[in-house]
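K.L.:
A single structure is presented below for examination.
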Amino acid sequence: MTLPRTPAPDWQTTRWFNTDKPLALADLRGRVVALHAFQMLCPGCVQEGIPQAQRIARLFDPAQVAVIGLHTVFEHHDVMTPEALQVFIHEFRLTFPIGVDAPGEGSPLPRTMAAYGMQGTPSLILIDAEGFVRKHSFGVEPDMRLGADIALLLAERDKGGASGHA
């Protein structure tokens, strides 16, 4: 991971699932955040990205690593409704919090997707404990690589701060 330390943009969501209240990035300060952007009709998301996010959520202590899903719809808007997403979450037994990305203004790209400069789905963004974007990947990376990246960010946090590179 060699991204410059840029503050992670706030999420712009219209609805949340698997949480009692809307989540803001500031609520998760002190934890490493794995933000997984997906669409429920994206084959790569369903086959690889979402299962990987579930594995991260199961393997890491939620007090240290927060897995957040972001349903970011930039195509097939008429069928990827929040109601369909609710059924999808139930059927796939997703337990981590999932926000619905707010539609773009004058753009087909949803607001959070645009703010983070995502190229598509699945996308995974790692945010360090201080709220800086440290990894931004499009597609799915091997679990061992991602686990090592998360472990480095946790070790960095435990040492008392980020060095700029993990």
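The values are calculated or read from the model by the stated rules, or taken from the named source; none is laboratory data. None of the values given here were measured: they were computed from a predicted structure. Cβ: placed from backbone, ideal geometry, glycine included. Neighbour counts: every protein chain shown.
K.L.:
Could you list, in sequence order, all residues of region 97-119 that are free of Cβ contacts under 8 Å to residues at least 40 places away in the same chain and either polar (S, T, N, Q) or under 19 Å from residue 33 (Cα atoms) (or both)?
P.N.:
Within region 97-119, 107, 114, 117, 119 qualify.
K.L.:
Somewhere in region 12-26, is a residue assigned to a helix (DSSP H, G or I), under 21 Å from residue 135 (Cβ atoms) and touching a residue at least 40 places away in the same chain (Cβ under 8 Å)?
P.N.:
Within region 12-26 (the criterion being assigned to a helix (DSSP H, G or I), under 21 Å from residue 135 (Cβ atoms) and touching a residue at least 40 places away in the same chain (Cβ under 8 Å)), the answer is yes, since at least one residue qualifies.
K.L.:
Look through region 41-80, keep the residues that are among the β-branched types (Val, Ile, Thr) and over 13 Å from the mean Cα position of the chain (by Cα), and return whichever of them is modelled with the lowest pLDDT.
P.N.:
Only one residue tops the list, namely 79.
K.L.:
Please enumerate the residues belonging to region 132-166 that are free of Cβ contacts under 8 Å to residues at least 12 places away in the same chain and assigned to a helix (DSSP H, G or I).
P.N.:
144, 145, 148, 151, 155, 158, 159
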